[in-house]
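Enquirer: Here it is, the structure, as structure tokens.
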Amino acid sequence: MADRVTVIGWDGSPLTAAARSALSAATLVAGAAHHLALPEVPPAAERVRLGSVGLAARRIAGHRGTAVVLADGDPGFFGVVRTLRAPEHGLEVEVVPAVSSVAAAFARAGMPWEDARVVVAHQRTLRRAVNVCRAHPKVAVLTSPGAGPAELALLLDGVHRTFVVCEELGTTREQVSVLTSDKAADHTWRDPNVVLVIGGAGGTGAFAAPWLTGGDPAGGAERGWAGRPGEHDPEDRPGIGQDPTLRAVQLARLGPRAGDLVWDVGSAGGTFAVEAARFGAAVIAVDADPAARARTEAAARRHGVLLQTVTGRAPHVLESLPEPDVVRIGAGGVPVVTACADRRPERIVAHATTRDEAEAIGSALAAGGYAVETLLLQTVGLDPADWTERERSVVFLLAGRRASGAP
């Protein structure tokens, strides 16, 4: 094992005295090509191109001498320190940090960033990164080849955002471009780059002084969720599918979270859509009634959350929507359930008012490859003054979980 391992962050500025001292004593230096070309790298030191960090870590673990790893920005922030300290390598490291690329990007934009979400986009995580950009008004995306500004823009189709694209930060080729998301796909961007995705503030709460890095996950909304009809939309009236208990169980079965895309099909006044968005998920609320779309958007503004609304009749309108992770079906019956199951989300919830309808929906979910849970939910609202019945709701809940190994 190397006698000493120092990880040095580099942001384009002159190296600190501590960094120069560590480099001068190095017998092995690992880094990208532009790091290994720095004049401070000792000519006699073994040089390792940092393509695979895991491979470099194994080389360092087998080296007898003093090793230095050079990395862009702060190597402890989505950087190489995590891999080097992994148990399989057994390396103890000293870190000389620099300004992270995220901090540098926001500095170039002249914006505060304690309320920003930071995501890493690889080809395998790109869709989840895009969903975070749908759900939050300020996101920094650490990109990679094949998951850069153009790909982000293409997957954000229909959602307006401003992109601040920072290419090759800290180098002589640094360039910062500000453009709308619909224009970003028309450009060829240089790696490495960081993209700030800005816009779509859902309400006044989005601009309040933050107390938590990344912003309040509840969107600054009031305490609690699955409230009574009318809390999100004053025009909402109690009706089929509007019972708070049903909505609470639907949310519990779906478990919306950051990085997910939720379809709310038959969104009505947007009560469910707003509460799913408060969990940090991206939401597309679909309804055939233009008035429902307006009420949903108004509810989102009141509660400071972001969501997308689509007017159209399911199942046909669903064909052009991006792939969902979880789906709540508020209207449409078996045809909509079948269409949603064909898109293979992880979970689907629906409800029915009769046993025959519940059996048909359950059969459609099972045919689509889902393990089905069926509940009969009955709630009775009572007047606390005399314990007389105020209102009663009886509904079947169908919850489908994609079966393991389903095609």
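The values are calculated or read from the model by the stated rules, or taken from the named source; none is laboratory data. Quantities reported herein were computed from a predicted structural model and do not represent experimental measurements. A quick note on method: Cβ atoms are made from the backbone with ideal geometry, for glycine too, and the neighbour counts reach across all protein chains shown. For the accessible areas, the whole protein counts, side chains as well, though only heavy atoms, and no ligand, DNA or RNA atoms are used. Shrake-Rupley method; radii C 1.70, N 1.55, O 1.52, S 1.80 Å.
Enquirer: Consider segment 263-296. How many of its residues are open to solvent by less than 30 Å² (accessible area, probe 1.4 Å) and part of a helix (DSSP H, G or I)?
Expert: Matching residues across segment 263-296 total 10.
Enquirer: Given the structure, is Thr388 open to solvent by 30 Å² or more (accessible area, probe 1.4 Å) and modelled with pLDDT of 95 or more?
Expert: Spelling it out, it is not the case that Thr388 is open to solvent by 30 Å² or more (accessible area, probe 1.4 Å) and modelled with pLDDT of 95 or more.
Enquirer: Listed residues Val95, Val68; which is closer than 22 Å to Val194 by Cβ, buried (at least 18 other Cβ atoms within 10 Å of the Cβ) and among the aliphatic types (A, V, I, L, M)?
Expert: Val95
Enquirer: Inside segment 325-356, can you point out the residues that are open to solvent by 10 Å² or more (accessible area, probe 1.4 Å), on the phi < 0 side of the Ramachandran plot and in a loop (DSSP other than H, G, I, E, B)?
Expert: Asp325, Gly330, Ala331, Arg343, Glu346, Thr353, Thr354
Enquirer: What number of residues within segment 74-105 satisfy the criterion of being within 19 Å of Leu55 (Cβ to Cβ) and among the β-branched types (Val, Ile, Thr)?
Expert: Total meeting the criteria: 4.
Enquirer: If you check Arg4, Arg47, which single one turns out to be surrounded by fewer than 18 Cβ atoms within 10 Å (Cβ to Cβ), touching a residue at least 12 places away in the same chain (Cβ under 8 Å), among the charged types (D, E, K, R) and over 27 Å from Asp191 (Cβ atoms)?
Expert: Arg4
Enquirer: Checking Val41 against (1) open to solvent by less than 60 Å² (accessible area, probe 1.4 Å); (2) at pLDDT 95 or above; (3) closer than 14 Å to Val96 by Cα: exactly one of these is not met. Which one?
Expert: (3)
Enquirer: Okay, moving on. Scanning segment 160-175 for residues that are of a type outside the set (Lys, Arg), buried (at least 16 other Cβ atoms within 10 Å of the Cβ) and modelled with pLDDT of 95 or more, which turns out nearest to Trp113 (Cα to Cα)?
Expert: My answer is Val164.
Enquirer: Moving on to the next point. Identify all residues within segment 328-381 that are of a type in the set (Lys, Arg) and in contact (Cβ under 8 Å) with a residue 40 or more places away in the chain; write none if there are none.
Expert: Arg328, Arg344, Arg347, Arg355
Enquirer: Separate question: If Ala201 satisfies every condition in (1) among the hydrophobic types (A, V, I, L, M, F, W, C); (2) modelled with pLDDT under 95; (3) surrounded by 20 or more Cβ atoms within 10 Å (Cβ to Cβ) but one, which is the exception?
Expert: (3)
Enquirer: Find all pairs meeting these conditions: Cβ atoms under 6 angstrom apart; at least six residues apart or on different chains; first residue within segment 165-189 and closer than 12 Å to Ala104 by Cα; second residue loosely packed, with under 15 Cβ neighbours inside 10 Å and among the polar types (S, T, N, Q).
Expert: Once the first residue is closer than 12 Å to Ala104 by Cα and sits in segment 165-189, its partners that are loosely packed, with under 15 Cβ neighbours inside 10 Å and among the polar types (S, T, N, Q) give Glu167/Gln175.
Enquirer: Just give me the residues in segment 149-185 being under 27 Å from Leu38 (Cα atoms) and small (Gly, Ala, Ser), in sequence order.
Expert: Selection gives Gly170 alone.
Enquirer: When segment 1-42 is examined, which residues are found to be closer than 25 Å to Leu55 by Cβ, out of contact with any helix residue (DSSP H, G or I) (no Cβ under 7 Å at 6 or more places or on another chain) and among the charged types (D, E, K, R)?
Expert: Asp3, Arg4
Enquirer: Considering only segment 125-156, state which residues are free of Cβ contacts under 8 Å to residues at least 60 places away in the same chain, open to solvent by 50 Å² or more (accessible area, probe 1.4 Å) and not aliphatic (A, V, I, L, M).
Expert: The answer is Pro145, Glu151.
Enquirer: Further, regarding this structure: Within segment 113-124, take every residue that is open to solvent by less than 40 Å² (accessible area, probe 1.4 Å) and either touching a His at 6+ places or on another chain (Cβ under 8 Å) or not in a strand (DSSP E or B) (or both) and give me the one that is nearest to Gly158 (Cα to Cα).
Expert: The residue in question is Ala121.
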